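The values are calculated or read from the model by the stated rules, or taken from the named source; none is laboratory data. Remember, predicted model here, so these are calculated numbers, not experimental data. Every residue, glycine among them, receives a Cβ derived from its backbone with ideal geometry; neighbour counts consider all protein chains shown. Ligands, DNA and RNA are stripped out before the accessible areas are found, and what is left, the full protein with its side chains, is counted by its heavy atoms. Shrake-Rupley method; radii C 1.70, N 1.55, O 1.52, S 1.80 Å.
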Amino acid sequence: MFTSKCLQYLTEKNNQRSLDKRWPQERIDREAANMYYKFLVNIHDKISSNFKGLAKHDPNKWRHFISVNEILDQLEESVVELDFE
């Protein structure tokens, strides 16, 4: 869903450029992938800030934290409401 919104936003933005400055589709795809990567890194950093030391490397603690705090539901709601400007 996030990537779809990125592609739509970048395509609309690209269509507003003059013809000689428009990006090829490959560049739009790369930019969307880069935005998605930054989005995931941000999520990872925010979640991992809740862990200390070795707990950061324990997948079970991650699963438990994500489940208890309903992180996936919150992320889905955030992406649904997401609007690029």
>> From the P(r) of the chain, could you give the percentage of C-alpha pairs in the tail past 19 Å?
In response: 51 percent
> Using 1/(1 + (r/R0)^6) with R0 = 41 angstrom and r between the beta carbons of E81 and D20, what's the FRET efficiency to the nearest 0.05?
Replying inline: 0.70
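Just to confirm, what accessible area per residue do you get for segment 18-85 at 1.4 Å probe, in whole Å²? Don't skip to the answer; put the middle values down first.
Numbers: 5610 Å² over 68 residues.
That works out to 83 Å² for each residue.
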> What's the lysine pair count for the chain at a Cα cut-off below 17 Å, pairs eight or more apart or interchain?
Replying inline: 7
> Where does the longest stretch of the chain lie that holds no chymotrypsin sites (Phe, Trp or Tyr not before Pro) found in a DSSP loop with 15 or fewer other Cβ atoms within 10 Å?
Replying inline: 1-50
> Can you give the accessible area of D29, probe radius 1.4 Å, in Å² rounded to 10?
Replying inline: 70 Å²
> What size of dipole, in debye to the nearest 20, comes out for segment 1-66 about its Cα centre when the only charges are +1 on Lys and Arg C-beta atoms and -1 on Asp and Glu C-beta atoms?
Replying inline: 200 debye
> What does the helix-only formula give at 222 nm for the chain: each DSSP H stretch with n ≥ 4 adding -39500 (n - 2.57), the total divided by the residues, and the result rounded to the nearest 500 deg cm²/dmol?
Replying inline: -22500 deg cm²/dmol
> Carbon and sulfur atoms: what percent of the 1.4 Å accessible area of the chain do they account for?
Replying inline: 52 percent
>> Less than 15 Å Cβ to Cβ from M1, Lys/Arg counted +1 and Asp/Glu -1: what total charge do the surrounding residues give?
In response: -4
> Under a Cβ-Cβ cut-off of 14 Å, what is the net charge of the residues other than K21 that fall near it, where Lys and Arg count +1 and Asp and Glu count -1?
Replying inline: +3
> Roughly how tilted is helix 2-15, in degrees to the nearest 10 and between 0 and 90, from the longest Cα axis of the chain?
Replying inline: 20 degrees
